[in-house]
Structures are given as structure tokens and as C-alpha cells.
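Undergrad: Sending over a structure as C-alpha cells; questions will come in a sec.
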Amino acid sequence: MELFFQTLGVVLSPPHFVMLIAGVLMGLAIGILPGLGGIVGMTILLPVIYGMEVHSAFALLIGMVAVIPTSDTFPSVMMGIPGSSASQATIMDGYPLAKKGEAARALGAAFTASLIGGLFGATVLTIIIPIARPIVLVFASPELFMLALLGMSMVGVLSGQNPIKGFLAAGIGLMLGALGDAPAVPEYRYTFGFDYLMDGVPLVIVGLGLFAIPEIVDLLIKGRSISKVATLGKGWLDGVKDALNHKLIILRCSVIGVIVGFLPGLGGSVVDWIAYGHIVQTSKDRENFGKGDIRGVIAPESANNAKEGGGLIPTFLFGIPGSGSMAVFLGGLLILGIQPGPSMVTENVDLIYTAIWSLALANVFGAGLSILLSKPITRLTIIPFSYLAPFLVLIITFASYQASRNWGDLIALLFMGILGWIMKQYGWPRPAALIGYVLSDNLETYLFISVQRYGFSWLARPGVLALALIILASVTMGIFYQKKKSPGS
Amino acid sequence: MKKVAPNFNIIFSACLPVVFAYGVYESLSYMYLAKIFPLSISLVLFITALINLIQEIRETRTASGVTEIIDAGTADLESQWDIPMAQVWSKLLVYMAGILILYLFIWIIGYPLSITLFIILFYRYVTETGWIGAFIAGAAGMGFLALVSKLLTMDWPQGLIHLPWPLG
């Protein structure tokens, strides 16, 4: 407990605090830009954190990712365009409210819900860490391998409508991760004779190629018009009151957010829809949903902020990312020289607390700044995308080149961009590929240690058998559920 | 939601078994500890990719020559076009060509000057601002690049022609 409050002092010390605020400001900006979400934001920051002090890097990364679901509400409410995938459901009722002249009310309710949801996620993370500690410590390499496999199977089954495509997308990621030097022996795999590929394709390239380039190209092709922007209007306090009057909705949807964040494969793009669906189904008077019901704003907004706290749980404890942005965060941890997994709860508990405080404070600042700066931010949302696109190309190519300072970075970025665009176009879940890529190294290392240490007897360990059963059950249920769902849809 | 797609989807699906088959073939030549992981994954993926391909070909046939795919919209911000697909492809090719030309310039004159020219021309002809606005944007881009590279000691690709800092 003492350490918990000591860490608050560290986070509030000037160098860290500046980083946290820088992260929050960047997160707010990325949230406002349509199409760009947590994955791209995190990836752009990776070259920046090389050599940075660990607590500062945490403040920057978590400060950024925590507030994206707060500020992405602006374009959803004001223009009916999602600022990132986590705010698609907010459009359903947020945009009709804005058209009625109640945008300020919708935003007030959304930011209050976001704040409470985000704090709820941070609280759950705080409570889970000491409880999970003894459980996590009994996990050895064989169990961790099976857990990573469970993560992969859930990613495959849950991340798309077609489990086979989800599974294959995750597999593409695994193979991408297997490129270059093998972890156990001096062997370079699938290099096609290129020296560049001997170290594998860097995470920055995979993240930006798969996620940023397709989004930029699509937004340019669409060339969205900006004629439909609503005015802010008044009613901020009404919105805050609305949110506080629906405390139970916020609480329920925050729980949904944490659970969805925790489960690998279900990321930001579904959490808002699940919360929205839940609130529509459980409300008696549902005739106003879709026409500007404030509950339709509160539900997804509390869930999408709560999911970050949930997503950090498997990332820290087992090294298994709950979503695409957590996959990049995991890569960031490795860059900082931290091995996520059970050693986190013994050696680096202070870092987990830094993450929790950063998450909580970022949510407070994010919501506060969104309200204070609502007028200039609203003006920012109406900037046509073609004004931003060349600068995004600059940031992306420049950030990519920092990965290994080699021409190969730029060429690999282009290839990844084309792959990402095709995957996006034809419904291959890209987050699954990213999670597969990040887990590839861990999976191989755990497998290698298991075989070296236990021979094939590791397969008979009770934990391994139990996890195998869970994997089998989740895959079977997933496929059964999809089959049942697909004939009518 | 349904959308009509050209058979590029099938082409992509048909590439996957080939890629994974190569994964199997190539991994056979590695040392045991380096082989076991890629070999086992690519073997499983090869079979899965074949099943997926067969499924997609079947779906295409039942849809009488037109591929109708159901969005995997839950997983991603999927593309929904309100312009004809042919137009999407032609625009895509134009933007890709733009990036390739940018790369060519980076190779010849280096990164800072190329990206500055890219911003200026993009603002002038895609965003359709005046020349003054375009040059201000270009200067802002170069200024940002110079500042960030100094502050964070970042590097950029040098061109064949060496120019003085911050141009090359």
C-alpha cells in the first residue's frame, strides 16, 4: 500500500507529469482524427520511448491510450463519424442529439461517463493485482505457453465474424513474428536473402503499416464532406447530471468494458456495440434509442474507457494483450527492457502502480480538457482530412525509419500497408494479426523452454491439461455460436 | 451488411496456401529448435487456408458469379464505399503511385526535401490550397522534422545527392 502511494508521488513529479500531459494531449488529438486510434497512437510513440526512463515512458504511453476513447466522442457526436473504432455506437444517439442542438449535453454526459468508466477500470486493475499475484506465480513456461495459445485461439474466434479468417489472420501475424533470428539457435528464417529481415520486421512497421496506411488511404479515397457539423449548443451541466442520474448504467457498462478489455481478441471495435446492445436490451422504454436517447451515449462511453484498465490485466500479468493497442504496449514494454508476465508482480509492481495512476489521472485530465477545450476541439474536427494527410505521411514514414534506420523500413512499411489495406477491405481482422505478431516470440520461447526443461512431459502437467480443455471448449463454442448465427444473418 | 466485391478476395485467399506452403518448405531446412515452431504453425495454417479457399470458392459459385461477402464489421473499421469499386481501385493506384514517387525522390535527394515537396504538391493539387498556403505547410513540415530530429536525435534517409542540413 505504501508503494502504491509512493508511486503517485513519482507520477506527479514534474518530469513524469509533463510526459503524462504530453500523452494526454496527443491522445486527445489522435482521438479526434477520424480513423486513427490507440494502435496507431501507441506505435508512433514507440520510437520516442527508446532509452526513456521507464516511469516517464509509461506515463506517456498510458496517458495517450487512456484518453482516445474520451476525445473520439467529438467527431462521433458532432459529425456522425467515429473518431476511432471505440466510438461507433456513440453515433447512434449522440449525433441525433447534436442535430437537436444538444451536442453539449451529449458531450457532457459522454465525458462524465468516460471519466467514471476509466476510473472504474483503474480501480479493478488495482484490486486484481494483489489477488492475482499468488495465482500468477504458479505459472511456469508450459502454462504460459498454453495461456498464450488460449489468447491466440480467442483472438481467432472472437475477432471477426468468420472464425477461420480470424484464425488465419492471427496466423499471418505469427508467421510475421517468426521472421528473422530464431530465439533459441543462431538461425535466420525467411530472410529471402535480405539482411534487413535478419532482425525480423519491427513492431513499428507492422503497426503503422497494417493500421495507419489503410486508414489514411481510405479517408483520402472517401474524401468526406464536412457539411454536416452540428453546433455545440448549451447543456453541459445537464449532460453531467444525466450521467450521474444513470449511475447504474455506467457501472454495468464499465463492468462490460473491463471484461471485454480483458478478453484477447475483443478490442475497442466491439466494446461500444456490446454496451449499447446491452443497454437497449435491458431498458423497458426503448423507443427513443437511435433518436437521441442520452443512455445510448452514456453506455458505450463508459465501457470504452473502462476497457483499457481491463486490457492491462492480461498484458501485465501474463504478457498476453487484450487488444491491438495493448499488443503495441506489450512491444513497448519489451523496448523498455521489461519482460511482462509473472515477473511483473514480483519485480516491477511499482510499474504496474505507475500504470494505474497514469490511467486514472489521464482519464481525469482527458475529461477535464475535453470540456474546457471543447470549442477549439470542435473547430479542429471540421478540418478536412486532406489537410492532415501529408503530415500524417510525414509522421508515419519518419517514425518507421527510426525502427532500424534502414531503407528496408520504408519498403517494409509499404508492403505492410498494402497487406493492411487488403485485409481491411476483405474483412480479415487486422488486430488479430497484430496480436499474433506480438505473441509469436513469446509462444516460441515458452515452447522452447518447456521442451528443454520438461521434455514432452510438460504436456501432462495439470495446469496445461486444464488450459487445453478451456482452449478446446472456447474454440468449439466459438465455432458453434458462429455457425448458429451465420445462416440467418 | 452486404457488399459486392471483385474476386480480389479470392486471389488473396488463394495466395495464403502458397505462402504457408513455402513456410513449410523453407522451415524444413532449419535446425531442429529453429524449425519446430514455424513448421508446425505453417503446416496448420496451410490446411486452414485451403479450407478457407474452398469455402470462399463455394460461396462465390452459389452467388452466381458475383462474390457477396458479409462484413467482418465487428473486428475492424471496415471499408464501406459509396463510390463504384473501379473508382476506388483507380484512386488507390494513384495514391500508391504518389508514395512510390515520394520514395524515388527520397532515394535521390534525401528525406527532408522530398517530404517537403510532397507536402507542398499535395496541398496545391489534392487539398487545392493556393501556392502560399502550400509553401507554409511545406515549411511547417520541414520545421517539425528539423525540430524533432534535433530534440530526439532521430535520423532520416540520406539521398544519393548530399544536401546541407536540414535539407538532406
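Any read-out appearing in this document is the output of simple, stated calculations on the displayed coordinates, not a laboratory observation. Please read these numbers as outputs of a predicted model, since none were measured by experiment.
Undergrad: List the pairs from A:Lys247/A:Lys375; A:Lys424/B:Lys35; A:Lys100/A:Lys375; A:Lys99/A:Lys241 whose alpha-carbon separation is above 22 Å, in the order I gave them.
TA: The pairs that break the limit, which is 22 Å between Cα atoms, are A:Lys247/A:Lys375; A:Lys424/B:Lys35.
Undergrad: Taking A:Lys284 as the anchor, which aspartates and glutamates have their alpha carbon closer than 15 Å to its alpha carbon, excluding any fewer than eight residues away along the same chain?
TA: The qualifying aspartates and glutamates are A:Asp293.
Undergrad: Any idea how far the Cα center of the range A:53-81 sits from the one of the range A:190-217, in Å?
TA: 25 Å
Undergrad: Please work out the Cα convex hull volume for the range A:375-489 and give it in Å³ per residue.
TA: Measuring per residue, one finds 241 Å³ for the Cα hull of the range A:375-489.
Undergrad: Which number do you get for Rg(Cα) / (2.2 N^0.38 Å) in the range A:32-125?
TA: Normalised Rg, Cα atoms only: 1.22.
Undergrad: Between Rg and the Kirkwood Rh of the range A:260-369, both from Cα atoms, what is the Rg to Rh ratio?
TA: Result for the range A:260-369 is an Rg/Rh of 1.08.
Undergrad: Could I ask something else about it? Given H placed on each backbone N at 1.01 Å, which residues far from A:Arg189 in sequence or on other chains put an amide H within less than 5 Å of it?
TA: So A:Arg189 has HN proximity to A:Gly180, A:Asp181, A:Ala182.
Undergrad: Given bins 10 angstrom wide, list per bin the percent of all Cα-Cα distances in the range B:85-151, short to long.
TA: 21, 41, 30, 7, 1
Undergrad: If the viscosity is 0.890 mPa s and the temperature 25 °C, what translational diffusion coefficient in µm²/s does Stokes-Einstein give for the range B:107-146 when Rh comes from Kirkwood over Cα pairs?
TA: 247 µm²/s
Undergrad: If you take the Cα Rg of the range A:1-157 and divide it by 2.2 N^0.38 Å, with N the number of residues, what do you get?
TA: 1.24
Undergrad: Just need log10 I(q)/I(0) for chain B at q = 0.12, 0.18 Å⁻¹, Debye formula, equal scatterers on the alpha-carbon atoms, no solvent, rounded to two decimals.
TA: Evaluating at q = 0.12, 0.18 Å⁻¹ gives log10 I(q)/I(0) of -0.90, -1.03.
Undergrad: Taking the Cα atoms of the protein assembly as shown alone, what are Rg (to one decimal) and Dmax (as a whole number) in Å?
TA: Radius of gyration, then largest Cα-Cα span, for the protein assembly as shown: 24.0, 72 Å.
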